[in-house]
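J.: One structure coming up, written as structure tokens, with questions to follow.
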Amino acid sequence: MATTRTATTNWEGSLTDGGGKVSLVSSGIGTYDVSWAARTEEANGQTSPEELIAAAHASCFSMALSGALSKADTPPQSLETTAEVTFEVGQGITGIRLSVVGRVEGLSEDDFTAAAEGAKQNCPVSQALAGVRDITVDASLAAG
């Protein structure tokens, strides 16, 4: 079964002096200010396309990793994933760094790292971002 999700942006003004509002329409959970300055300088309470991509990638990767671990009969107790998306003016998105710390009983660090690499490859957002030249993942198990 296919699903479609929708977001809209209303932009006013020039690229550097203007601004917009991005609305998460499907979920209805909010409307957020977006600007060029938030993309290239400090966020200052506004979001950017790269932050939205980071949120999408972190959540998709976590789902892919949880699914793979569960399928291997080692479901995670928890996964904390951070995605950092690097944007360079004139070049676009040049890199994405995924970092995940997991709590998974009965799994070695090597097996967790392998599962994280597999999740990076199989996550639909990773696949959609295949044009990004450098997507990396750092994976570790939480102590204790």
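A short reminder: the numbers here are calculations on the coordinates, not readings from a lab. Bear in mind the structure is a predicted one, so any value in this text is a computation, not a measurement. Ideal geometry is used to build each Cβ from the backbone, glycine not excepted, and the neighbour counts take in all protein chains shown.
J.: Would you mind telling me which numbered condition in (1) touching a strand residue (DSSP E or B) at 6+ places or on another chain (Cβ under 7 Å); (2) of a type in the set (D, E, K, R); (3) surrounded by fewer than 16 Cβ atoms within 10 Å (Cβ to Cβ) LYS120 fails?
T.: (3)
J.: Name the residues in segment 88-114 that are of a type in the set (A, V, I, L, M, F, W, C) and within 14 Å of ILE135 (Cβ to Cβ), would you? Give the steps one after another, and end with the answer.
T.: Step one: filter segment 88-114 for residues of a type in the set (A, V, I, L, M, F, W, C), giving 89, 93, 96, 98, 100-101, 104, 107, 112, 114.
Correct list: ILE93, ILE96, LEU98, VAL100.
J.: Being touching a helix residue (DSSP H, G or I) at 6+ places or on another chain (Cβ under 9 Å) and more than 26 Å from GLY131 (Cα to Cα), is that true of even one residue in segment 58-68?
T.: Checked against the condition, which is being touching a helix residue (DSSP H, G or I) at 6+ places or on another chain (Cβ under 9 Å) and more than 26 Å from GLY131 (Cα to Cα), segment 58-68 yields no hits at all.
J.: For segment 26-144, please list each of the helices (runs of 4 or more DSSP H) lying entirely inside it that holds at least 1 residues being in contact (Cβ under 8 Å) with a residue 60 or more places away in the chain, under 12 Å from the mean Cα position of the chain (by Cα) and over 30 Å from TRP11 (Cβ atoms).
T.: Numbers: elements: 36-40, 49-71, 109-122, 124-128.
Passing ranges, in order: 49-71.
J.: Looking for whichever is surrounded by fewer than 18 Cβ atoms within 10 Å (Cβ to Cβ) and within 17 Å of VAL137 (Cβ to Cβ) here; the options are SER70, SER26, SER66, SER99. Which one fits? Break it down into steps so the answer makes sense when it comes.
T.: Numbers: SER70 fails: within 17 Å of VAL137 (Cβ to Cβ); SER26 fails: within 17 Å of VAL137 (Cβ to Cβ); SER66 fails: surrounded by fewer than 18 Cβ atoms within 10 Å (Cβ to Cβ).
When all the criteria are applied, what remains is SER99.
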